[in-house]
Every structure is written in structure tokens, then in C-alpha cells.
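Single-structure report; data block below.
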Amino acid sequence: MQKIISLCKRRGFVFQSSEIYGGFKSCYDFGPLGGEMKNNVKRAWWKEMVQMQENIVGLDAAILMSPKVWQASGHLTAGFADELVECKKCHKRFRQDEIARLHKCPDCGGELIKARKFNLMMKTFVGPVEDEAATTYLRAETCQGIYVNFENVLDSMRMKIPFGIAQIGKAFRNEITPRNFIFRTREFEQMEMQWFCEPKQAKKYFNFWKEERIKWYKNLGIKKENLRAIEVPAEKRAHYAKQQIDIEYKFPFGWEEIEGIHNRGDFDLSNHSKASGKDLRYYNEETRERYFPYIIETSVGVDRSFLAFLCDAYQEIREGRTKTTKATKETEVLLKLDKKIAPIKVAVLPLVKNKPKLVKKAKEVYQLLKPYFVCQYDEVGSIGRRYRRVDEIGVPWAITVDFESLKQEDVTLRDRDTMKQERLKIKDLIKVLREKLNG
Ligand code: ATP
């Protein structure tokens with residue numbers, strides 16, 4: 001794991017928040033490459049869960065909501081709280097379920113004080129007066145914004161059940177023990193889809209979405225042996241869930257949840273109806289019945305799936321991959337990210353940097369491709385070194401402009417995974433790369 005964390009910092013994927021002030025625990029900043037990659041993860045999810053679907057629409061709700069929402073959703077009561085234990089000696093706090101079998105503090109061996117409930121909602125104040133009336137919370141899950149807009153979306157988009165509403169956005173939880181890099185943080189991002197259906201269809205759709213979601217990870221290159229779906233028993237389920245499956249990924253620190261699929265029943269709409277006084281039942285025009293739809297939720301953490309994609313793609317090759325030259329015999333890092341997730345799609349490299357004509361031609365190719373693909377131009381160091389550098393950040397294709405290019409108007413296109421090179425006319429590059437990217 002340490003090697004991945006160090007790659008993230010070295011190559012601009014992820015930085016510790018407020019690093020120059022000694023860091024701000026449990027918050028991270030995504031650097032130039034991490035930002036691109038995170039956007040690609042979100043884009044891939046949105047394409048699959050909204051664009052490609054006939055009856056799922058998107059939403060972008062505010063992070064701050066009326067505190068009444070959180071009262072009704074059960075987040076301000078025991079439902080959304082972890083059991084906390086505290087060490088009498090060093091006063092460190094731990095989640096009870098994480099150190100369940102220990103009777104002593106794992107850090108200093110001190111005595112642990114009995115568990116108590118700790119609410120995970122992050123409080124904030126809205127307006128200039130810091131009193132109770134102005135208190136609200138940073139949302140702990142994006143889906144509440146969907147439930148309170150159920151009727152707005154239904155009416156404005158003329159939706160008919162079954163249908164879904166999807167959203168990507170920030171969520172905040174005052175986690176007791178944030179850990180494992182970006183795996184558990186206090187500020188994170190979620191991609192959630194809420195599927196509204198007839199209660200008797202809920203089981204069928206639960207299974208359907210479970211399969212679809214597992215397929216999504218596999219289609220984006222996650223190895224099937226590193227994925228599993230675990231049925232969560234009643235006593236461990238979220239407070240709203242009638243049925244729950246956790247999709248887990250085998251991280252270097254063990255199997256951990258990256259996505260939850262929940263059958264939330266009518267918990268959310270019925271509670272919001274009760275608390276708001278607004279009838280949120282769905283009216284079936286054919287049967288003339290009103291009922292609360294059941295909700296099947298698919299909820300992924302952007303940061304957690306980002307970490308899973310990185311871990312799955314990371315490879316170290318001792319003594320390097322190039323067997324034909326003696327140039328590099330050091331350990332090479334190869335990030336075999338799916339081309340859709342890779343932050344940079346194409347690198348443009350002049351063979352050498354001290355030939356102005358070659359550099360000019362390479363810059364022309366770079367400018368030509370830039371509007372279509374996220375590109376990088378690099379002229380520093382030997383060509384072998386530059387290939388290593390782009391392999392390390394997962395660039396799927398590297399284009400080299402050489403002396404032939406000046407005469408023939410062509411370049412070599414190198415594939416990251418096979419290292420095979422093909423000669424292509426510059427005028428065909430956009431078409432060929434587009435086909436490769438979408439193929
Ligand atoms: P955990 O048991 O790991 O705390 P959870 O069951 O509380 O997670 P859900 O409420 O089901 O998580 O949230 C759905 C998804 O949101 C999770 O699968 C995860 O990917 C993401 N997520 C939840 N909490 C965090 C966090 N603190 N940091 C990063 N991602 C998170």
C-alpha cells in the first residue's frame with residue numbers, strides 16, 4: 001500500500017490536505033492526475049447509470065439541507081452512530097467493531113472505557129448566529145437529496161414507476177477512525193442511484209442491480225478474483241435496509257466494502273411523508289392505487305472505487321520489461337488502468353529534444369490531438385525513460401515523432417500493455433485513437 005501512496009504523491013494523483021501545515025487528518029486533495037482520473041470514474045458511472053439507461057435521470061442537490069431532513073431520515077438518532085470506546089490512558093478513540101476482540105488499547109495497552117454511541121453527522125452553522133436555530137449538517141449521504149426531490153422529478157420529467165434518480169456528490173461523516181489512505185475519510189464523494197419500484201418487484205430489481213454493478217467493475221478492468229458480493233446479516237445492516245449486499249474489493253489491507261446495494265423498502269418516502277406532511281405516495285393511474293414505492297439503492301464511494309482501480313492496476317516488474325536493451329534494469333512500475341479510467345490518454349514524445357524541426361513537429365501533433373484527448377507532451381530524458389514515466393501513470397498510448405516523421409508525415413504509436421509499436425499517418429491519428437478508446 002505504501003508504494004501506491006508514494007506513487008500518488010510523486011506523480012500528482014493524491015496529496016494530503018493542508019500538507020504545508022502538517023496535514024489535516026482524514027482529508028485528501030486530488031492532484032492534476034488524480035483529478036482527471038476521478039472525473040473519469042464519475043463519467044464512466046454516469047454514462048452507465050444515466051446516459052445508457054432509458055428510465056434513470058440525474059440530479060445535483062445541495063449539500064446543505066433543512067435539518068428536518070436528517071431528523072426524519074433517522075440520521076440524528078442512534079441509527080447513524082458507531083459504538084465508540086476510549087482508552088483511559090492515552091484517550092485515543094476506536095470503533096468498537098474494529099477492535100471487538102481486544103480488551104486493551106491497541107496503541108498503548110491502556111484500559112478501554114465502555115462503548116458509547118457516537119453520531120457521525122457533521123454539524124455546521126448557517127447564517128451569522130451560532131445558535132441552535134441555525135444549526136444544520138453537512139449531508140452524510142447524497143440520497144436524501146433524491147428522496148426530498150422525488151415528487152419534483154416525478155412531475156417535471158413525467159416519470160413512471162419503475163424509474164431511477166442518480167446523483168454524484170460530496171458526503172461527510174465524522175468517522176471515529178479514518179484510515180487506509182483515501183479508503184475511509186471524513187469528506188468523500190458518493191455515486192448513488194435510487195430505483196423506485198413496486199414493493200412486490202423489489203427483490204427482482206435488487207438482484208438485477210447487484211449483477212449490473214458487479215459487471216461495471218469488471219468491464220472497467222477490475223480482476224474478478226478481487227471482487228465479491230457479501231450478503232449482510234440483519235444485525236449488521238444499515239438502519240434503513242431490509243436487505244443489503246456489500247460489494248467488496250480485495251485491497252492490500254484486506255477485503256473491504258466499496259459499494260452497498262440496499263433494499264430500503266418504503267423507509268425513506270414514508271418517513272419524509274410523515275415528517276413533512278406531504279403525501280409522497282405514487283399514484284398508479286391504471287389501478288388507481290396510491291402506494292409508497294420501495295427503493296433499491298446502489299451506493300458507491302468515488303474515492304474507494306478510485307483506490308480499487310489504482311490497486312488493481314498497479315504492477316511492479318523487476319528488472320523492467322524491455323529485454324532487448326540493457327538500458328534499464330531497475331524495477332518498473334506499470335499502471336494498467338482501463339483506457340477509460342486512465343487520466344492521460346496520449347503522450348506525445350519527440351525522439352530527441354535538441355532537433356528543433358522534430359520538436360516543432362511533435363508540438364504540432366500535440367496541438368492536433370489536444371482538443372480530442374487528454375494529452376501530455378514530454379521531451380525530457382531518453383525515450384526509454386519517458387516510456388517508463390508514462391507507463392507509471394497508466395497512459396495507454398505514446399506517440400513518438402522521429403526523423404522519418406519529418407519526411408513521411410507519420411509517427412509510431414506505442415501500446416502501454418504490449419509495448420508494440422505501429423506506424424501511423426498523422427492525418428489518421430484522431431480516427432484511430434478514437435476507435436481504440438471506444439473499442
Ligand atoms: P463502512 O461500513 O465502511 O463505514 P458504510 O456501510 O457506512 O461503510 P454506506 O453508508 O453504505 O457505507 O455508503 C456507501 C458507500 O459510500 C460505501 O460503500 C463507501 O464506498 C462510501 N463511503 C462510506 N463512508 C465512507 C468514508 N468514510 N470514506 C470514504 N467512502 C465512504
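What is the distance in Å between the Cα centres of region 366-418 and region 234-288?
Region 366-418 and region 234-288 have Cα centres spaced 47 Å from each other.
Using θ = phi - 60° and the Karplus relation 6.51 cos²θ - 1.76 cosθ + 1.60, list the HN-Hα couplings for region 18-28 in order, rounded to whole Hz, with x at every Gly or Pro.
6, 4, 5, 9, x, x, 10, 4, 6, 10, 9
Which residues in region 148-171 have a backbone N closer than 15 Å to a point placed 7 Å from the Cα of E54 along the Cα-to-Cβ line?
159-164
At 7 Å along Cα-to-Cβ for each site, give me the label-to-label distance between V129 and Q367 in nm.
About 6.1 nm separates the two model spin labels.
What residues of region 37-67 lie in the reach of a label at F24, counting those whose backbone N is under 18 Å from a point 7 Å from the Cα along Cα→Cβ?
The answer is 63-64.
How big is the equivalent ellipsoid of the chain along its three axes, where each semi-axis is √(5λ) from the Cα gyration tensor, reported in whole Å from largest to smallest?
In descending order the semi-axes read 45, 29, 20 Å.
Fewest to most neighbouring Cβ within 10 Å: what's the order for L433, L335, L358?
The fewest-first ordering by Cβ neighbours comes to L358, L433, L335.
Between T322 and K88, what is the FRET efficiency for a Förster distance of 41 Å, r being their Cβ-Cβ separation, to the nearest 0.05?
Values: r = 58 Å, r/R0 = 1.42.
So, using R0 = 41 Å, E works out to roughly 0.10.
For q = 0.18, 0.23, 0.28 Å⁻¹, what log10 I(q)/I(0) does region 227-295 give under the Debye formula with an equal point scatterer on each alpha carbon and no solvent?
With no solvent term, the Cα-only Debye profile gives -0.76, -0.95, -1.13.
Given 10 °C and 1.306 mPa s, how large is the Stokes-Einstein diffusion coefficient of region 58-131 in µm²/s, with Rh as the Kirkwood radius over Cα pairs? Write down the numbers at each step before the final one.
Working: Rh = 14.9 Å.
My calculation gives 107 µm²/s for D.
What's the whole-number percent of alpha carbon pairs in region 18-143 lying beyond 20 angstrom? Let's see the in-between values first.
Working: 5393 of 7875 pairs.
Cα-Cα pairs in region 18-143 separated by more than 20 Å: 68 percent.
Give me the Å³ per residue figure for the convex hull around the C-alpha atoms of region 346-416.
Values: hull volume 5.3 nm³, N = 71.
It comes to 75 Å³ per residue, whole-number rounded.
May I ask you to compute the full-extension gain from E256 to K203, defined as 0.36 nm times their residue separation minus their alpha-carbon distance, rounded to one decimal in nm?
Details: separation 53, 0.36 × 53 = 19.08 nm, distance 2.45 nm.
Result for the pair: 16.6 nm of gain on full extension.
Give me the extension gain from N149 to K360: residue separation times 0.36 nm, minus the current Cα-Cα distance, reported in nm with one decimal. All intermediate terms of the calculation are to be shown ahead of the outcome.
Values: separation 211, 0.36 × 211 = 75.96 nm, distance 5.40 nm.
That works out to 70.6 nm of additional length.
Provide the convex hull volume over Cα atoms per residue for region 200-264, in Å³.
Numbers: hull volume 5.4 nm³, N = 65.
Taking only Cα atoms, region 200-264 has a hull volume of 84 Å³ per residue.
Give me the percent of Cα-Cα pairs in region 158-234 that sit more than 18 Å apart, rounded to a whole number. Provide the component values of the computation, followed by the final result.
Values: 1842 of 2926 pairs.
The proportion of pairs with Cα distances above 18 Å equals 63 percent.
Mind checking the log10 I(q)/I(0) for region 304-439 at q = 0.10, 0.11, 0.17, 0.18 Å⁻¹? Debye, one equal scatterer per Cα, no solvent, two decimals.
One equal scatterer on each Cα of region 304-439 leads to -0.32, -0.39, -0.92, -1.02.
Rg(Cα) of region 1-55 divided by 2.2 N^0.38 Å? Before the final figure, lay out the partial values.
Details: Rg = 15.0 Å, N = 55, 2.2 N^0.38 = 10.1 Å.
Here the answer is 1.48, to two decimals.
Report, in deg cm²/dmol and to the nearest 500, the calculated mean residue ellipticity at 222 nm for the chain, where each DSSP H run with n ≥ 4 adds -39500 (n - 2.57) and the sum is divided by the residue count.
Working: 12 runs with 123 residues, N = 439.
The per-residue figure over the chain is -8500 deg cm²/dmol.
Quick one: which residues, 5+ away or cross-chain, put their amide H under 5 Å from the amide H of Q243? H built at 1.01 Å from N.
Placed amide hydrogens put N263 under 5 Å from Q243.
State the percent of C-alpha pairs, over all pairs in region 379-436, separated by a distance greater than 15 angstrom.
50 percent
If the cut-off is 23 Å between C-alpha atoms, which lysines fall inside it for K242, apart from same-chain ones fewer than 8 positions away?
Excluding near neighbours in sequence, the set is K117, K200, K203, K204, K210, K274.
Show me the ranking of peptides 346-354, 50-58, 291-299 by mean Cβ neighbours inside 10 Å, starting with the highest.
291-299, 346-354, 50-58
Estimate the FRET efficiency between R281 and C108 by the formula 1/(1 + (r/R0)^6), using the beta-carbon distance for r and 60 Å for R0, to the nearest 0.05.
0.65
How big is D, in µm² s⁻¹, for region 120-251 by Stokes-Einstein at 20 °C and 1.002 mPa s if Rh is the Kirkwood radius over C-alpha pairs? Intermediate results must be reported in sequence, preceding the final value.
Values: Rh = 17.7 Å.
Roughly 121 µm²/s, to the nearest whole number.
Taking only the alpha-carbon atoms of region 304-374, what semi-axes of the equivalent ellipsoid follow from 5 times the gyration tensor eigenvalues under a square root, in whole Å, largest first?
On the way: eigenvalues 153, 99, 9 Å².
After diagonalising the Cα gyration tensor, the semi-axes are 28, 22, 7 Å.
Would you look at the GNM of the chain, springs on alpha carbons closer than 10 Å, and say which of A133, A81, A275 moves the most?
Of A133, A81, A275, the Gaussian network model singles out A133 as fluctuating most.
Only the coordinates and a few stated rules stand behind these numbers; no lab work does. Because the structure is predicted, anything quoted here is derived from the model rather than measured. Note: ideal-geometry Cβ built from the backbone for every residue, glycine included; neighbour counts use all protein chains shown.
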